[in-house]
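Presented below is the structure to which this report refers.
Since every read-out is calculated from the coordinates, none of them should be taken as a lab result. Computed from a predicted model, the values in this text were never measured in an experiment. Note: ideal-geometry Cβ built from the backbone for every residue, glycine included; neighbour counts use all protein chains shown.
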Amino acid sequence: EAGVTQFPSHSVIEKGQTVTLRCDPISGHDNLYWYRRVMGKEIKFLLHFVKESKQDESGMPNNRFLAERTGGTYSTLKVQPAELEDSGVYFCASSHRGWGGEQYFGPGTRLTVT
Amino acid sequence: SQQGEEDPQALSIQEGENATMNCSYKTSINNLQWYRQNSGRGLVHLILIRSNEREKHSGRLRVTLDTSKKSSSLLITASRAADTASYFCATDSVNDYKLSFGAGTTVTVRA
């Protein structure tokens, strides 16, 4: 069984530019989550999809962040326009349907905004 | 605010020794999970313990949970160099699947 994959692994962009991160969850996992870790801070929740619906987006920092999960499969997280404080590692995780059990994480995307 | 807090922040041990780290949390939980992150890599799920469980084992890992003290411990026995990593505890709540992470414990296993 393939794990959670994320693309790209690393992105370096300038302030004001747009970046789109992609996450492919484990096949059959209805729950998909985005988290991020900014420098020196703990890993923080961003949002949770159940299939294609946003279940909880309470962790999204502001309206420069837009997450989508069309068709309930892969998800994208767009940052537009990027700011310096957006730099960090963005993790995606997935878990089985309707079960608050193990969340399996991807390798993360390291975003550097200069 | 941060839900879980790991203690100690850093731990250095000799290969073959045991490593113990603790996690404290603030609010009632449904599950508590431990993850490992090797340098520059993703989070690897180690073990999940439910709020009605007190102890769980997986290979060289032993996790305990004391809900009355709102704390958990992770014991790694007979440590190896490959165990060098950061370890995080994460909690979720009933009907709230999002995980709240602690700041992590960095473990260094010396050969």
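For this structure, a couple of remarks:
- In this label model, B:ARG60 and A:HIS96 are separated by 2.9 nm, measuring between points 7 Å along each Cα→Cβ vector.
- Hull-based mean projected area of the protein assembly as shown, where the convex hull spans the alpha carbons, in square nanometres: 12.1
- Each principal axis of the Cα cloud of chain A was taken in turn, and the coordinate range along them, longest first, works out to 38, 25, 25 Å.
- Note on chain B: with charges restricted to the Cβ of Lys and Arg (+1) and Asp and Glu (-1), its dipole about the Cα centre is near 160 debye.
- Point-to-point label distance, B:ALA78-A:LYS41, nm (Cα→Cβ direction, 7 Å offset): 4.2
- Convex hull of Cα atoms in chain B, direction-averaged projection (nm²): 6.6
- Longest site-free stretch - chain A; sites: GluC sites (Glu not before Pro), DSSP loop, at most 13 other Cβ within 10 Å: A:15-82
- Rounded Å value of the spacing that divides the Cα centres of region B:29-49 and region B:52-111: 7
- Sequence-separation-based contact order of chain A, relative, with Cα cut under 8 Å and 6+ spacing, percent: 37
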